[in-house]
Amino acid sequence: MKQVNINVHHLTRVEGHGNIVLRARDGKIEELMWEVIESPRFFEAMLRGRNYDDVHHIASRICGICSISHTTASIQATEDAFGIQPSEQTLLLRKLLFNAEILESHVLHVLFLVVPDLLGVGSVFPLVETHKDVVLMAVRLKKLAYNLAELLAGRKTHPLSCVVGGFAKLPELSELEAIRKRLEDALVDLDTVVELVKTLNIPDFVRETEYIALKDTKEYAFISGEIASTDAGITPLDKYLEVTNEFCVPHSTAKYTKNKRDSYMVGALARFNNNYDQLLPRAKKVAEELGLDAPCHNPFMITVAQVAETVYALEDSINLIDQILARGLKEEDNAVKVRAGRGIGAVEAPRGILFHDYTYDENGILTKANCIIPTNQNHNNIQKDMEALVPSILNQPEDKIRHTLEMLVRAYDPCISCSTH
Amino acid sequence: MKPKVAFFDFTGCEGCQLDALNLSGEELINLLNAVDIVNFREVVTEREDNYDIAFVEGSITRESEIPRLQNIRDHAKVVVALGACACIGGVNCLKNHLPMDEALRIVYGKDARYYDTIPARPIDALIQVDYYVRGCPPITAELLKVVKALLLCRKPEIPNYPVCTECKMADNVCVFERGMTCLGPVIRAGCGAICVTSGRHCWGCRGLVDDPNLDSEKDILKKYGLTVEQVVEKFKIYNTYAEVTK
């Protein structure tokens, strides 16, 4: 009689607090649960009564890793409510800043959180002794992302210069030129990352689900577009609630979502499956080299999709800088005229589609907020993946089952404290 | 033997821990030569209950967090509060303006009964804190400065003068001259006035200086035709806890 009793309390190398519980006897699962136990922070309550100019500053604090995503979605929601259309220059700068976050977040996940699994250690720190080049490269790529964000917004974690209507401060063109060179060098570093990820032993597990991401007719969408689903096609942003359908479960302080099936996936793989055609050439080549084809239904491949997107973020940043250098930057009037109304902002945060939905009164004071976080949308899919995966690995030693389940949750790169905003 | 350093997180965004990793290769290698990082859940699998210095991020917002925090105090020789949530309560305390059941109802609606929360507090409301690394998020260089001082058994020197001093040194045009409200005259420096340099105003994330000159702030507001209410609304964002406990 074989018993399996796994209780991973506070899973490591993820953002925030979650537990994995599995109890099985004689090949029968008695309990299997992904529990989210992070303390909720009540941002939707805290934003009420705040002036519009403070709202994105506070909303940024929903997440320390994807604060640029929250700031951007928050500003978009406010601009939508006030009927403000950001300028071409602002959109170029916002896209470039957004790429800094995609780069930093994906590098953090792939090189700091996942690679230790591959190399059989518990963290990136012992690799300083054994794989110094890899660690120095990881640090270098992270630093590049930080410096790019600093140039555009004063800093990366909780950016400063982004405001409703545009930017409170503009970068110098000479600084953009200088960082362009480093972005090109980083593409060479990414070749090394690709070689490293090639050696990653990715579990062969397939469970098709619904994949949801923003889609834009013009480009691989990060800060624009409508909601695309592999099951349901296109839904306009103002109908996002018809897609997300949030609900509460007692064992999770984070809300869950579902649409056409029991659960759906958002994030790098969902974007890849919906928008593969719009990736730039080098990113497509990297995906091919790493055996990633659209559509892909293996959640462990999220990490590989992140590598392809990292290459995309570098390619796209170089293109954006070229466009900015060609047209120059000029001070713009960011004056805001407030009005009563509701607005919705949506971006593709590193971990997936993110919605901010605000209602303002006629004085520009926020009266109602709703934020739907990527990881909230993935929690249910993680649970369903576990339910599909466990029966096929239940005959393995307990340690191996535990490790596979940890790797599965880690593959989603969950941002747990974000999901209990 | 190298001192053992641990990182812990309570209610917050984990941005402080993330920025602690915003080091150059050389800084990271030097740091790992000087200390053993024995507990850092966000990036490390191994854990140990034997540590000398504990960095604690986040504020306290649930009953269940209190014994966990006290346990850390019992184990650590030195406790350092890391970031605005741990040092002064930070943005989490904005919910303290509401009854807790209303905050629960706004967020969870009919399912509010599943969940619990208490008014947010900085960690020194519950345990003794030895040092503070302030800011939302902290400046990584200041964090390193504190680590270095602790390794040398010295008291870290953290400014106790207002942001205005650093803002002038940064050659910024005064925010009040630009017709906006700023908390710089009463908030503790150490950030290099990064928010003003980036085109905004001081938001107060490092908390008040020890002996704030509130009369002077009022005089400035009067001079520029601004009201105390306007500045209090800004002050609340990070300093609700200080405001309501006074």
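Read-outs throughout are calculated quantities, based only on the coordinates presented, and are distinct from any laboratory measurement. Keep in mind that what you see is a predicted model, and the values were worked out from it rather than measured. In this analysis, Cβ positions are derived from the backbone assuming ideal geometry, glycine residues included, and neighbour counts consider all displayed protein chains.
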Which whole-number percent gives the relative contact order of chain B, counting Cα pairs below 8 Å spaced six or more residues apart?
19
Run lengths n ≥ 4 of DSSP H only: what is the helix-derived mean residue ellipticity at 222 nm for chain B, with -39500 (n - 2.57) per run over all residues, to the nearest 500?
-10500 deg cm²/dmol
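Using unit Cβ charges (K, R positive; D, E negative) and no other charged atoms, how large, in debye to the nearest 20, is the dipole of chain B about its Cα centre?
360
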If amide hydrogens are placed 1.01 Å from N in the peptide plane, which non-local residues have theirs closer than 5 Å to the one on B:ALA189?
B:TYR161, B:VAL163
My understanding is that a pair violates if its Cα-Cα distance is over 29 Å; which of A:LYS384/B:LYS110; A:LYS215/A:LYS400; A:LYS132/B:LYS2; A:LYS258/B:LYS234; A:LYS330/B:LYS145; A:LYS258/A:LYS285 do that in this structure?
A:LYS215/A:LYS400; A:LYS258/B:LYS234; A:LYS330/B:LYS145; A:LYS258/A:LYS285
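Which net charge results when you count Lys and Arg as +1 and Asp and Glu as -1 among the other residues whose beta-carbon is under 11 Å from that of A:ASP80? Don't skip to the answer; put the middle values down first.
Values: positive: A:ARG342; negative: A:GLU79, A:ASP238, A:ASP357.
So the environment of A:ASP80 carries a net charge of -2.
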Counting only residues 5 or more apart in sequence or on a different chain, those whose built amide H sits under 5 Å from that of A:VAL163 are A:ALA168
A:LYS368's amide H: which non-local residues (gap 5+, or another chain) put their own amide H closer than 5 Å, with H modeled 1.01 Å from N in plane and none for Pro or chain starts?
A:THR359
Just to check I understand the Karplus step: with θ = phi - 60° and J = 6.51 cos²θ - 1.76 cosθ + 1.60, what whole-Hz values come out for segment A:37-53, glycine and proline as x?
10, 4, 5, x, 10, 6, 4, 5, 7, 6, 6, 4, x, 8, 5, 3, 6
Which of A:VAL21, A:VAL266, A:VAL121 fluctuates most in a GNM of chain A (C-alpha springs under 10 Å)? That residue is A:VAL121
Could you tell me whether the protein assembly as shown comes out rounded, prolate or oblate from its Cα gyration tensor? Rule is a ≥ b ≥ c as square roots of the eigenvalues, rounded for a/c under 1.5, then prolate if a/b exceeds b/c, otherwise oblate.
rounded
In order through segment A:8-19: 3J(HN,Hα) via Karplus (6.51 cos²θ - 1.76 cosθ + 1.60), integer Hz, x for Gly, Pro
8, 8, 6, 3, 8, 6, 9, 7, x, 10, x, 10
Candidates A:GLU79, A:GLU44, A:GLU172: whichever shows maximal mean-square fluctuation once chain A is modelled as a Gaussian network with Cα springs under 10 Å:
A:GLU172
With springs only between Cα atoms under 10 Å apart, run a GNM on chain A and tell me which of A:ASP333, A:ASP361, A:ASP216 wobbles the most.
A:ASP333
Filtered hits (aspartates and glutamates, Cα-Cα < 16 Å from A:LYS2, offset >= 8 within chain) -> A:ASP26, A:GLU30, A:GLU31, A:GLU398, A:ASP399
Could you derive backbone 3J(HN,Hα) for segment B:154-169 from the dihedral phi with the Karplus parameters 6.51, -1.76 and 1.60 (θ = phi - 60°), listing whole Hz in sequence and x where the residue is Gly or Pro?
10, 7, x, 8, 10, x, 10, 10, x, 3, 3, 4, 6, 5, 5, 5
